[in-house]
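Below is one structure, written out as C-alpha cells, with a few remarks after it.
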C-alpha cells in the first residue's frame, strides 16, 4: 500500500495531471489512482525484478519499447512524467469503473467483457478449462497460466478468477490507511481543475471515444502478472 510519506511526496502537478486526463477522457480520477496504488503503491520507480514491469501501472518492457523507452529509463521518470504514457495506454478505452481500469491493465484484450462480472479470466490448474487458450492464437497463454500467477485475485479460493475480482481488488485500496490522503489530494485537484464534485457515474461519452476491444497485442500485457505477487 502507498505510505503517507509517498502520497505527501507527490506534487500537486501529479494530481492536477490525473484530473486533466480524467476530464479529457471522461474518467473518474479516483479510478486510475486505485489501480496505481494497487500496482505500484504510487511509487513511479518501482520495478518488478522478475518481469521488468515498471512504473505507476507496471508497464511491461515490450510496452515501454513501443513507447520508445526502456524499464531502466522509465523508472527514472517522475510520477508527473509518467502520466502521458499512462494516458497513451488507456486512451480510447471505455473505462466506467475502477474494475475496468484494472482489467485494461491486467488483460486489455478482454476489455469488452468488463461489464460481465462472471466472465472467467483464469482457472486453477487441474480444473476443466485450465488448459484452454485464453485468446485465440496465443498458444503460450492459458487460463491455467493466468490463474497460477494471479491466484491472489481469488480471495474466496473459488478455483477461478473472474472480472468481478478486478473490482474487488480495487475496492481493497479503499480500506488502506493511506487512501483518505490520496482521496483528499485528488479532490483538491478536482476543485482546482473544475471537476467538482467528482462523478459517481461515468458521464455520457462522445462517440469518438467509443472503440471496440481490439487486441493489438494487449493480452501480452497479462504476462506482467506472471510473477509471484
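The values are calculated or read from the model by the stated rules, or taken from the named source; none is laboratory data. Source: prediction; values computed, not measured. Neighbour counts run over all protein chains shown; Cβ positions are idealised from the backbone, glycine included.
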Odd one out for residue 171, checked against (1) in contact with a strand residue (DSSP E or B) (Cβ under 9 Å, 6 or more places away or on another chain); (2) surrounded by fewer than 18 Cβ atoms within 10 Å (Cβ to Cβ); (3) under 26 Å from residue 53 (Cα atoms): (1)
One residue from 103, 21 being in contact with a helix residue (DSSP H, G or I) (Cβ under 7 Å, 6 or more places away or on another chain) and modelled with pLDDT of 95 or more: 21
Every pair of residues 6+ apart whose Cβ atoms lie under 9 Å, when the first sits in the range 134-162 and is touching a residue at least 12 places away in the same chain (Cβ under 8 Å) and at positive phi while the second is in a strand (DSSP E or B) and surrounded by 18 or more Cβ atoms within 10 Å (Cβ to Cβ): 159/123
Qualifying position, being closer than 30 Å to residue 147 by Cβ and buried (at least 23 other Cβ atoms within 10 Å of the Cβ), among 67, 106, 90: 106
Selection status of residue 74, closer than 26 Å to residue 187 by Cβ and buried (at least 18 other Cβ atoms within 10 Å of the Cβ): no
Search result, residues across the range 52-78 that are part of a helix (DSSP H, G or I) and within 15 Å of the chain's Cα centre (by Cα): 63
Residue check for residue 8: outside any loop (DSSP other than H, G, I, E, B) and either free of Cβ contacts under 8 Å to residues at least 40 places away in the same chain or surrounded by fewer than 19 Cβ atoms within 10 Å (Cβ to Cβ) (or both): yes
